[in-house]
Amino acid sequence: MRVVMKLHPVILPLTTEEQCLRGRARLQAQSRRAREALARSCEASGVRLGPLEKGDRNIPLPFHGTFWSLSHKPRYVAAVVGPAPIGIDIEEITPRTEGLLDYIAGKAEWALADRLWETFFRFWTAKEAVLKAIGVGLAHLTKARIHAILDNDNLIVDYASRLWHVRHFRFQNHIVSLTHDGHEIAWNFVLEPHALDDPVPVPPQPQA
């Protein structure tokens, strides 16, 4: 039986100091913020945060029957938990090399929408969110297809003999894509600087 659960994806900014970090220090800061966002998603969803372990092929393993997904970029992170395999991805909408337009989508897919960078990142994040839900890497990106565009905030991705519903959230030149399987979504966009200073439980980590 399908579990009905409202999804609470959380988006957090990195501090100015964290954004100025480089290399490993920046990645650690992004990872820490993403885990904070995940803890907030758990709290909003009424579930207990568990160990963030990964299995074969680096696939996130559910804790206490709860599935989870993280995404981070230089300025923002996003995270979500859900009752079924779930994927979230965030990207800044900024022009790239023209060749990527045809890499991310074929002619039939581009026929569904204008060839714009906003559309490119809409397609890109939607496909990556689906791949995260399945637990496969970006090597499978070209195997996922945009099946239909429902409206400005919803589309369907065809991958692994299944149609995946994806919802978008846009803010400050960024776009977030979330697989949702028909669940109601309550976006949590935290911008207040003081909110980042609140103590957030750190999930137990797997032993080396």
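The values are calculated or read from the model by the stated rules, or taken from the named source; none is laboratory data. Keep in mind that what you see is a predicted model, and the values were worked out from it rather than measured. Counting neighbours? That spans all protein chains shown, and the Cβs are built from the backbone with ideal geometry, glycine included. With ligands, DNA and RNA removed, areas are computed over all heavy atoms of the protein, side chains included. Shrake-Rupley method; radii C 1.70, N 1.55, O 1.52, S 1.80 Å.
A few points about this structure:
- Within the range 151-171, considering residues that are open to solvent by 70 Å² or more (accessible area, probe 1.4 Å) and out of contact with any strand residue (DSSP E or B) (no Cβ under 7 Å at 6 or more places or on another chain), the one modelled with the lowest pLDDT: Ser161
- Cβ-Cβ under 7 Å pairs, at least 6 apart or on other chains, the range 98-114 side open to solvent by less than 30 Å² (accessible area, probe 1.4 Å), far side assigned to a loop (DSSP other than H, G, I, E, B): Leu101/Arg115
- Every residue from the range 161-182 that is of a type in the set (Val, Ile, Thr) and in contact (Cβ under 8 Å) with a residue 60 or more places away in the chain: Ile175, Val176, Thr179
- Subset of the range 139-160 [without any contact (Cβ under 8 Å) to a residue 24 or more places away in the chain, more than 15 Å from Ser177 (Cα to Cα) and touching a helix residue (DSSP H, G or I) at 6+ places or on another chain (Cβ under 7 Å)]: His140
- Total residues in the range 44-100, condition among the acidic types (Asp, Glu) and in contact with a helix residue (DSSP H, G or I) (Cβ under 9 Å, 6 or more places away or on another chain): 3
- The number of residues in the range 172-192 that are open to solvent by less than 70 Å² (accessible area, probe 1.4 Å), assigned to a loop (DSSP other than H, G, I, E, B), of a type outside the set (Phe, Trp, Tyr) and closer than 25 Å to Thr16 by Cα comes to 1.
- Output for the range 132-150, where each listed residue is within 16 Å of the chain's Cα centre (by Cα), surrounded by 12 or more Cβ atoms within 10 Å (Cβ to Cβ) and in a helix (DSSP H, G or I): Lys132, Ala133, Ile134, Leu141
- Reported count of residues in the range 108-139, each being in contact with a Lys or Arg (Cβ under 7 Å, 6 or more places away or on another chain) and at pLDDT 95 or above, is 1.
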